[in-house]
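Have a look at the structure below before the remarks.
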Amino acid sequence: MTNWTRFRLGYVAMSVNVKNCSPSQTMTYKRFQQLDDKEAAVSRLERIARSNLHNCLRLLKHNNAHDIKFFRLSSRLVPLATHEALNGWNYMQAIRNDLRALGDFARKHTMRLDFHPDHFVVLNSPKESVFNGSVKNLLHHVQLVDGMGIDLTHRSVLHVGGTYKNKPKAIEQFISNWSYVPDDVQRMLMIENDDKSFNLQDCLYLGEKLGIPVVFDYHHHLANHEDPDWTSHWNRVVNSWRNSPHPLKMHISSPKNEQAFRSHADLVDSDMFMRFLKEVNGSVAEMDCMIEAKQKDGALFQLMQDLKGRDDIEMVDEASFYVKT
DNA sequence: CCCGGTCAAGGCCTT
DNA sequence: AAGGCCTTGACCGGG
């Protein structure tokens, strides 16, 4: 138990302020197929990947200028990286320097970077092909983290997966599949409650059983819960992070509206956020809050602006603060 | 230049 | 069994 918590804000993948700086440029497989000169096509993929990483570095510089030390990298940095048609493609060779530059900058400025692989990475699938494809994708993420030269532990957040019409069975499937997940990947992962299937208590059950930190998504919890009172489970969330080198991490977003409750709004509602912060304040020394909003870093800046006017907030810098109790 | 259709990957719901 | 939808940013081609 500590006195106050230092809260740090982060955002996802791209900036609304830095123009022409996409870290997710791509080439679809269809397009790749249409190109006759495969060697040229591959070097075009490599150019795109390098450009994505270069843009990431620009984003990190922008973040650093605004004290933002927490950032989720795009999971589409290297187009077609794990596509079977490109088996044997040594993209790491092509991106090594850019990747290293990214990691060097992050380390120099003590930034926390992580990933959130796309929804088709499903570790509890009963289909072997889906499971294997998921592991392949996650091993790609391991390579990226290693290539940046930063520690692998707890860098990638994942949902539990599908329910397949039998949630208890799907949870047990996750546990049995877990034993086939490579050690590196296991070490890299965190699990997050989702908005339709696996709620906070499901994640805590798995997290405790398998030693995986639980990322609490407050918005998902509002949309999908077994027990609406998350506070009575909070100490278990805190505890799931006890062996992590990183502070507890959570996701913050606001519903778009009542009809599309599960969709992300442009901005984060600061009153809702403050109510949440007051509940958790003091439970840990530091906490990282990932802002998931349409307006990306714009939402982060707006939120900080909203908090700035309050007398129960003590600002540390442009992206972190204490809550006074 | 703008706009609508399309795109590797899973799961789920409807028909 | 098959097709549409979810969700999302990027890109392509047509107007």
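Any read-out appearing in this document is the output of simple, stated calculations on the displayed coordinates, not a laboratory observation. None of the values given here were measured: they were computed from a predicted structure. Using ideal geometry, Cβ is built from the backbone for each residue, glycine included, and neighbour counts are taken over all protein chains shown.
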If region A:106-199 were replaced by its equivalent ellipsoid, with semi-axes equal to the square roots of 5 times the Cα gyration tensor eigenvalues, what would those be, largest first, whole Å? 26, 14, 10
Restricting attention to region A:223-325, which trypsin sites (Lys or Arg not before Pro) occupy a DSSP loop and are surrounded by at most 12 other Cβ atoms within 10 Å? A:Arg242, A:Lys324
Sorted largest first, the C-alpha extents of chain A along its principal axes in whole angstrom are 64, 47, 40
Determine Rg/Rh for region A:195-255; Rg is computed over alpha-carbon atoms and Rh is the Kirkwood hydrodynamic estimate from the same atoms. 0.94
In which sequence would A:Phe32, A:Phe120 go, from the one with the fewest C-beta neighbours within 10 Å to the one with the most? A:Phe120, A:Phe32
Using a/c under 1.5 as the rounded threshold, could you call region A:74-119 rounded, prolate or oblate? The axes a ≥ b ≥ c are square roots of the C-alpha gyration tensor eigenvalues, and prolate needs a/b larger than b/c, oblate otherwise. oblate
Reachable lysines from A:Lys61, Cα under 24 Å, same-chain residues fewer than 8 places away excluded? A:Lys19, A:Lys69, A:Lys108, A:Lys249, A:Lys294, A:Lys296, A:Lys308
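Taking the Kirkwood radius as the inverse of the mean 1/r across Cα pairs, report the Rg/Rh of region A:217-325. Mind showing how you got there, number by number?
On the way: Rg = 14.1 Å, Rh = 14.8 Å.
Ratio of gyration radius to Kirkwood radius: 0.95.
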Could you go through region A:148-160 in sequence order and give the Karplus-derived ³J(HN,Hα) for each residue, using 6.51 cos²θ - 1.76 cosθ + 1.60 with θ = phi - 60°, rounded to whole Hz, and x for Gly and Pro? 7, x, 10, 4, 6, 4, 6, 10, 9, 9, 9, 7, 5
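How much mean residue ellipticity at 222 nm does chain A get from its helices, if each DSSP H run of length 4 or more adds -39500 (n - 2.57) and you divide by all residues, to the nearest 500 deg cm²/dmol?
The helix-only estimate for chain A comes to -13500 deg cm²/dmol at 222 nm.
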Send over the Kirkwood Rh of region A:1-145, from the inverse of the averaged 1/r over different Cα pairs, rounded to one decimal Å. 16.7
Suppose every Lys and Arg Cβ carries +1 and every Asp and Glu Cβ carries -1, with no other charges. What dipole size does region A:1-108 come out with about its Cα centre, to the nearest 20 debye? 480
Using θ = phi - 60° and Karplus 6.51 cos²θ - 1.76 cosθ + 1.60, couplings along region A:92-98 (whole Hz; Gly, Pro as x): 4, 4, 6, 10, 3, 5, 5
